[in-house]
Amino acid sequence: MDDNCHVRLGGYPGGFRETLGVRTDELFPLLPGETRQLTGQVPQDATATLWSERIRLTSAEAIASYADGPLAGVPAVTRNAHGTGTAWYLATRPDPATLGVLLARIRDEAGVRPVLATAPDGIEAVRRSGTDADYLFLIDHSGAGGELPAHGVELLTGKSVHGSVTVPARGVAVVRETR
């Protein structure tokens, strides 16, 4: 047996129990097509699929609970303040709209802001900082392309950028930004 292999006794989620503030004592997989309603700080029509877990809160707060089935009233989404941060736990797979609402809340509470608030859906914007310049990477995943605010030099074409840069459909633009 490998000396680096450690079994964590005491149930799931193992070494993350303290951070997450929950303890799972039983898993309840859902059949294909089977759903559970969720209630709490989620949209009114929130549902979940794939799996569910019976968890017990140790220090976390319940954000959403199962509204039906054998786990009615049991927390399904939790939030736990731990150290200087916050840990979230999903004991099920929320529907896409509900997951979007939860991720937006997590992002907002963490103070995460988009690189470009005006970037349309489907255009990824990432900024990397170097010692002498910042670099704005724009990637079109939508196939529509777009015009985005930028100032500097577009490195793939060598053109100066004054106010905006065009990201071609399914293309990329990389702008070395002026500071």
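The values are calculated or read from the model by the stated rules, or taken from the named source; none is laboratory data. Predicted model, so just to flag it, every value in this text is computed and none were measured. As a convention, Cβ positions derive from the backbone with ideal geometry for all residues, glycine included, and neighbour counts pool all protein chains shown.
Quick check, is Asp68 surrounded by fewer than 15 Cβ atoms within 10 Å (Cβ to Cβ) and at pLDDT 95 or above? Answer is yes for this residue. Checked against (1) at pLDDT 95 or above; (2) out of contact with any Ser or Thr (no Cβ under 9 Å at 6 or more places or on another chain), Ser129 meets all criteria but (1). Of all the residues that make up segment 82-99, how many are more than 21 Å from Tyr12 (Cβ to Cβ) and touching an Asp or Glu at 6+ places or on another chain (Cβ under 9 Å)? The number of residues fulfilling the criteria is 3.
Selection of strands (runs of 3 or more DSSP E) fully inside segment 41-95 by the criterion of at least 2 residues being outside the structural domain of Gly21 (by TED's automatic domain parsing), in contact (Cβ under 8 Å) with a residue 40 or more places away in the chain and farther than 12 Å from Leu30 by Cβ returns nothing. Of the residues making up segment 120-144, those that are aliphatic (A, V, I, L, M) and in contact (Cβ under 8 Å) with a residue 24 or more places away in the chain are Ile123, Ala133, Leu136, Leu138, Ile139, Ala144. Going through (1) farther than 30 Å from Leu20 by Cα; (2) in a strand (DSSP E or B) one by one, Ala117 falls short only on (2).
Within segment 73-132, the set of residues being farther than 28 Å from Ile63 by Cα and in contact with a strand residue (DSSP E or B) (Cβ under 7 Å, 6 or more places away or on another chain) comprises Val115, Leu116, Thr118, Ala119, Pro120, Gly122, Ile123, Glu124, Ala125, Val126, Arg127, Arg128.
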